[in-house]
Amino acid sequence: MSVGLRSGQVAEAAGVNIQTLRYYERRGLLAEPGRSTGGHRLYDEDAVTALRVIKAAQRLGFTLDEVAELLETGRHRHGRPVPGLQERAAAKLAEVDAKIADLTTVRGALVAAVEAGCDDLTVCAASACCPIPFTDLAEENRHAGPCC
């Protein structure tokens, strides 16, 4: 009988569900495991590590396609540095910084809307003191009444 981890054990150890494990296999992110004499999938400890790497890369903002490319590159490097990993990480960092800037802008507008007491989007948009950035769209309909 072969020694190895069954699907449930691998999934639990990596903090994923079995459907995720199967999906990653179908996508080629995980090598197809060996089989027991009874036909059960048997994984080695490397499968747990690979799953953890995939999930960590996703948490860092990499898509599954990007993760697949990084894993494929890593499989073919044979101990040599992988060109492009630094560029990919730097590009992902730039994306994250851009998202943070966008979210900071959104947050500022929402804070201003809350502080202004905006309670009705249509009324607020027509108000001269509307803090939400679409006020120029309602410029013709502005009135000098109380804010929101």
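The values are calculated or read from the model by the stated rules, or taken from the named source; none is laboratory data. This structure is a prediction, so every number in the text was calculated from the model and none was measured. Note that we place each Cβ from the backbone using ideal geometry, even for glycine, and neighbour counts take in every protein chain shown. All accessible areas refer to the heavy atoms of the entire protein, side chains included, with ligands and DNA or RNA removed. Shrake-Rupley method; radii C 1.70, N 1.55, O 1.52, S 1.80 Å.
Using a probe of 1.4 Å, the accessible surface attributed to residue 72 totals some 80 Å² when neighbouring protein chains are kept in position. Relative protection proxy for 85-95, 4-14, from highest mean packing down: 4-14, 85-95 (other beta-carbon atoms within 10 angstrom).
Spin-label model, residue 18 to residue 109: label points 7 Å out along the Cα-to-beta-carbon direction sit 4.6 nm apart.
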